[in-house]
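**Student:** Let me give you the structure first, and then I'll get to my questions.
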C-alpha cells in the first residue's frame, strides 16, 4: 500500500516539474483558417479582425457582397457570399473554403436577428422565421464543418444571447430560439469532443452594434447603462475578445460552455437599492 505522504510528495513534484507554456503564444494561430459567418458588420467584423490579428486567414461570409468584400479587404481575408440558413448554400460554402484553402480550423457563427413579440402576439410565421434566423444556420454549420475541423482539431463558437438564460418580456420567440442554440451547442460539444472539436457559445446582453444603435433611443440606452454594474453597454469588440479566447488554444479545455457577457447584470441581487 502506498504511503499518503509519498503520494502527496509525488504530486507536488509533478506540479513543480510541469512545463510552463508560452501563454501569449497559445493565443496565436498562424497558418490556420477561420470561417466567420456574418462577418460584414458589428460583432462579426470585430471577430474577423481579432482572428486575423491572431494569425488566422479569415474567410469572411456575409449575405451582402459589398460587406463581405469590404471586411475581407480590411483583414486580408477571402470574401464569400452565402445565406447560412440555407443548408445547400452552407454545403457549397464549406466545399469552396476547403478547395481554396485546404483546411478549416475555426468556425464563428454570428448570425441572428430578433422580432420582438409577446407570446400572445407572436404568430406561427413569427416563430418559424425566428427559429430559421437564429437556429437553423447553427445546425447546418455544425453538421457540415465537423469533419474538416476534426482533421486538425478545431473549434466552433456561436453567438447566443443572455435572453436564452432568463425570461424577458416581449421576446419569447427569440429567447426560445437562442435557448435552443445553447442546447444544440452543448450536445454538439459532447458528440464532437472525441474528435477533438470544441463547441462553445457566448451570451451577450445588449451590444451596441450598428443595428442596436439605430433601435435604442437615448432614454432606453441610458436605462440599460444605469442597469449595468460596469456602467456601460457592451460594444462588439467585447464579444469578439471572448470569441478569440474560445477559438484559441488558451481554451483547449473549454467546451460545451456558455460565456455570459452582461457587465455583471446577472450577478447583482435584484432588490431595490436602499443604500
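**Student:** Restricting attention to region 183-204, report how many residues are touching a strand residue (DSSP E or B) at 6+ places or on another chain (Cβ under 6 Å) and either surrounded by fewer than 16 Cβ atoms within 10 Å (Cβ to Cβ) or within 29 Å of residue 229 (Cβ to Cβ) (or both).
**Tutor:** Total satisfying the criteria: 6.
**Student:** Have a look at 250, 230, 208, 165 and point out the one that is surrounded by fewer than 18 Cβ atoms within 10 Å (Cβ to Cβ) and either farther than 22 Å from residue 109 by Cβ or free of Cβ contacts under 8 Å to residues at least 12 places away in the same chain (or both).
**Tutor:** None of the others qualify; the one that does is 230.
**Student:** Right, another one. Whether any residue in region 37-53 is assigned to a strand (DSSP E or B) and either surrounded by 20 or more Cβ atoms within 10 Å (Cβ to Cβ) or modelled with pLDDT under 95 (or both) is what I want to check. Steps first, answer last, please.
**Tutor:** Taking region 37-53 as the starting set, the residues that turn out to be assigned to a strand (DSSP E or B) are 37.
Within this subset, residues satisfying the condition of being either surrounded by 20 or more Cβ atoms within 10 Å (Cβ to Cβ) or modelled with pLDDT under 95 (or both) are 37.
Yes, some residue in region 37-53 is assigned to a strand (DSSP E or B) and either surrounded by 20 or more Cβ atoms within 10 Å (Cβ to Cβ) or modelled with pLDDT under 95 (or both).
**Student:** Say we look at region 72-103 and pick out the residues that are farther than 19 Å from residue 57 by Cβ and in a loop (DSSP other than H, G, I, E, B); which of these is farthest from the chain's Cα centre (by Cα)?
**Tutor:** 86
**Student:** Follow-up. Select from region 116-154 the residues that are assigned to a loop (DSSP other than H, G, I, E, B) and buried (at least 17 other Cβ atoms within 10 Å of the Cβ) and write down the one among them that is farthest from the chain's Cα centre (by Cα).
**Tutor:** 122
**Student:** Could you tell me which residue of region 155-180 is farthest from residue 121 (Cα to Cα), considering only residues that are part of a loop (DSSP other than H, G, I, E, B) and within 14 Å of the chain's Cα centre (by Cα)?
**Tutor:** Our first condition is that a residue be part of a loop (DSSP other than H, G, I, E, B); within region 155-180, this holds for 160-161, 165-171.
Filter once more, keeping what is within 14 Å of the chain's Cα centre (by Cα): 160-161.
Details: 160: 23, 161: 22 Å.
Among residues in region 155-180 that are part of a loop (DSSP other than H, G, I, E, B) and within 14 Å of the chain's Cα centre (by Cα), the one farthest from residue 121 (Cα to Cα) is 160.
**Student:** To continue, here is another question. Tally up the residues in region 211-227 that are surrounded by 10 or more Cβ atoms within 10 Å (Cβ to Cβ) and either touching a strand residue (DSSP E or B) at 6+ places or on another chain (Cβ under 7 Å) or under 26 Å from residue 111 (Cα atoms) (or both), please.
**Tutor:** Initial filter on region 211-227 (surrounded by 10 or more Cβ atoms within 10 Å (Cβ to Cβ)): 211-213, 215-216, 220-225, 227.
Still in the running and either touching a strand residue (DSSP E or B) at 6+ places or on another chain (Cβ under 7 Å) or under 26 Å from residue 111 (Cα atoms) (or both): 211-213, 215-216, 220-221, 224-225.
Qualifying residue count for the region: 9.
**Student:** Considering region 236-275 alone, what residues qualify as being at positive phi and at pLDDT 95 or above?
**Tutor:** Across region 236-275, the qualifying residue is only 256.
The values are calculated or read from the model by the stated rules, or taken from the named source; none is laboratory data. All values reported here derive from a predicted model rather than from experimental measurement. Heads up, the Cβs are rebuilt from the backbone with ideal geometry, glycines too, and the neighbour counts pull from every protein chain shown.
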